[in-house]
Amino acid sequence: MLNYLWSGMILIGVLWGAFHGRLAAVTEGALTSAKEAVTLCITMLGVMTLWTGVLEVGKRAGLIDQLSRRMRPVLRFLFPRLSPESEAAKQISVNMIANILGLGWAATPAGLKAMEELKKVEEQRGERPKGVASNEMCTFLIINISSLQLIPINMIAYRSQYGSVNPAAIVGPALAATLLSTVVAVIVCKALDRKRGA
C-alpha cells in the first residue's frame, strides 16, 4: 500500500511540475534531495553502528540481562499471561531498554524477535485462529510505537545533520511527549484488556 502512496505522490509532483512549466525545478529538487538522502544515510549509519555496538557490548557484559530482570515487574503488569522467563519476555525487555535509551534502530531486531516469540506462544495456546494477533502482540506493538525515550539519539543526530544550533534541545520535549504517549498507550491497552475479559 505504501508503495502505491509514494508512487502516486511522486507522479502527482512530476505532473504538477510539468503542467506548470517547472519540470526543471522538479528534476533539480529530486537530485538535491537524493544527495541529501545519501549524506543523511551515511551520518545515521555511523550513529546506528555506534549504538548497536554499545547495545551488543551491554548484552555480552550482562548489563542487558540485569536490566531485563529489573524490568520484570513492568513486564508482569503489561503482560500478565506471559512468563517472565520466556524468550518473548527477554526480547520485549531488550526492545524496551533500547527504545528508552533512544536507540530506535537497535531496538528493531529485538522487536521483530519478540513478535516471532509471541506468535509461538499464541500458537502453543491455540486460543485464536491463525493470523489473529494476541493481546500481548497488540500491547507490545502499542508500547513499542509510543516508545518512551530518555535520550532521543536519532532526533539529535538529525538536528545536528541539518545545522541545529542546539541539537540536544529536543530532549525535554521528547521526554514529555513520549512519557505522555506511553502512559496513554498503557491505559488504552489495560482498558481494552478488561473489556475483552468482561
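The values are calculated or read from the model by the stated rules, or taken from the named source; none is laboratory data. Note that the coordinates shown come from a computational prediction; the quantities given were computed from them, not determined experimentally. Don't worry about glycine lacking a Cβ; one is built from the backbone with ideal geometry, like all the others, and counts go over all protein chains shown. The area values use the complete protein model at the heavy-atom level, side chains included, leaving out ligands, DNA and RNA. Shrake-Rupley method; radii C 1.70, N 1.55, O 1.52, S 1.80 Å.
Can you go through Val74, Val26, Val14, Val38 and tell me which one is of a type in the set (Val, Ile, Thr), free of Cβ contacts under 8 Å to residues at least 24 places away in the same chain, exposed (fewer than 12 other Cβ atoms within 10 Å of the Cβ) and assigned to a helix (DSSP H, G or I)?
Val38
For (1) on the phi > 0 side of the Ramachandran plot; (2) open to solvent by less than 10 Å² (accessible area, probe 1.4 Å); (3) assigned to a loop (DSSP other than H, G, I, E, B), each residue gets a yes or a no:
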residue	(1), (2), (3)
Asn95	no, yes, no
Asn99	no, no, no
Gly102	yes, yes, yes
Thr139	no, yes, no
Gln149	no, no, yes
Ala157	no, no, no
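Look at Ala110 and say whether it is within 11 Å of the chain's Cα centre (by Cα) and in a helix (DSSP H, G or I).
The answer is yes for Ala110.
Pairs please, first residue from segment 115-134 and without any contact (Cβ under 8 Å) to a residue 40 or more places away in the chain, second anywhere and open to solvent by 60 Å² or more (accessible area, probe 1.4 Å) and assigned to a helix (DSSP H, G or I), Cβ atoms under 7 Å, 6+ apart in sequence or on different chains.
Filtered contacts from segment 115-134: Glu117/Glu87.
Return the residue satisfying two criteria in turn: it lies in segment 42-66 and is open to solvent by 80 Å² or more (accessible area, probe 1.4 Å) and more than 30 Å from Glu85 (Cβ to Cβ), and of such residues it is farthest from the chain's Cα centre (by Cα).
So, considering only residues that are open to solvent by 80 Å² or more (accessible area, probe 1.4 Å) and more than 30 Å from Glu85 (Cβ to Cβ), the one farthest from the chain's Cα centre (by Cα) is Ile42.
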